[in-house]
1. Place a +1 charge on the Cβ of each Lys and Arg in region 47-107 and a -1 charge on the Cβ of each Asp and Glu, then give the dipole magnitude about the Cα centre in debye, rounded to the nearest 20.
2. Take the Cα atoms of region 47-107, find their three principal axes, and give me the spread along each one in whole Å, biggest first.
3. What is the sum of charges, Lys and Arg at +1 and Asp and Glu at -1, for the other residues whose Cβ falls under 13 Å from the Cβ of residue 102?
4. For each pair in 79/165; 255/307; 357/378; 79/122, compute the distance between the two Cα atoms and list the pairs where it is over 22 Å.
5. So, in Å, what gap is there between the alpha-carbon centers of region 185-214 and region 348-380?
6. With every protein chain present, what accessible area does residue 181 have (1.4 Å probe, heavy atoms only), rounded to the nearest 10 Å²?
7. Round to the nearest 10 and report in Å² the accessible area of residue 105, as given by a 1.4 Å probe over the protein chains' heavy atoms.
Amino acid sequence: MEETKWAAKDASSAIKVLQLDPPRNPVVSSPSIRPLALPFRKKKAQRLVSLCIGVLGQHLEDIIADILEIAAEFPADIKLVLLAIARRRQLLNDDVLVALADNMWEILDISGSNVTDIGLSKLVLLAIARRRQLLNDDVLVALADNLWEILDISGSNVTDIGLSKVSQICTNLRAVDISRCDKITVAGVTGLFDHCRSLATLRCGGSPRSEFTARRCLSILKPKLDNLDGESWEELEIMDIGNGAQSLRWLVWPKIDEDSKMTLATECSRICVNPQGSIGVRGVRVPAEAMHSVALDHHVVEDIDPKTWAVSGISHARKTPIASAEAEAEAPEMSIAEKFRLAFMERDAKLAPKRAKNARQHRRRAEKELLMSSTTAKSLALASQAGKFLNNRS
């Protein structure tokens, strides 16, 4: 009891020291004006939490640089109060908004602030980083948000580790593009399907390594039967049929081989491969995410100036491979005869120096054999050498 009394005294003394209200100008009473007699109202004491938030609000400009670390463990309602204070003090911008953002919020007031479109969506930053060839595991995990429903990492340096971590965070994904991701293997795709149970659209292929990974993933897409002890289909439960990608309905694989396409058609007919038009199998409308002609994250950066991700110099040279890969993916496939012709021309150009060297060696060898076999040729050669010797001596 004594410790509680002392703590209460310390808290009350600390509250008295705080100056939360601005100083008021003293009112000079006129002798001719008598103050009105107002009934006395007892002022309700503020909560300690409100007092602490008020102190933080007074010194918000001093802690704004470290607001991410300071507010990391704050509840959602406290973060919302700090956001309101920052807005009223004209301190609200993209960094403050992202640092205080919480998925428990139901309202958001950023009126009169300096928040931009980028501050409202981490997905925009992800799309820009992908277009500027800056997207890797660290960037992806740092920007990941559990509210995402689409994920476009095509042509990036994301590996199985980054894909596995983001699939554990973004469990509500329904469309993912991993095309031209040469560092993603079957293990990463397996983790994606294990954590994202609502994944309905998958884009893959586009490069030799990605094509190989897509063919290896066919066993994941097909349903598996776990319970082999049942005597009839009626005894099976939903959990017994399925480690496969049960929610997948649309597979965008532009250069799928005929064997893989036939395997999916016979063993997994629920998956529509490379849908054409707006109506798919059984009259189901094809979602926009399954349209190969449009990038998956196109609507995210639709209102962003393309100059945002336009780079020059060394960065432009680094960006060229993905641009050429996208152009190659969109271009029609060459015929086998054209491929053989180009391969022959390339090989012929590589062997041209070697053929010229062999021709010179054969010519010298033929001249040497002629000198050894013909007396006339040998005499002419000796006479020529003797003439050169006499000319040099004179």
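The values are calculated or read from the model by the stated rules, or taken from the named source; none is laboratory data. For clarity, every value in this text was computed on a predicted model and none was experimentally measured. Positions of Cβ are backbone-derived with ideal geometry, glycine not excepted, and every protein chain shown enters the neighbour counts. For accessibility, only protein heavy atoms count, side chains too; no ligands or nucleic acids. Shrake-Rupley method; radii C 1.70, N 1.55, O 1.52, S 1.80 Å.
1. 340 debye
2. 25, 23, 21
3. -3
4. Going by Cα-Cα distance, 79/165; 255/307; 357/378 fall outside the 22 Å limit.
5. 60 Å
6. The value for residue 181 is about 0 Å².
7. 50 Å²
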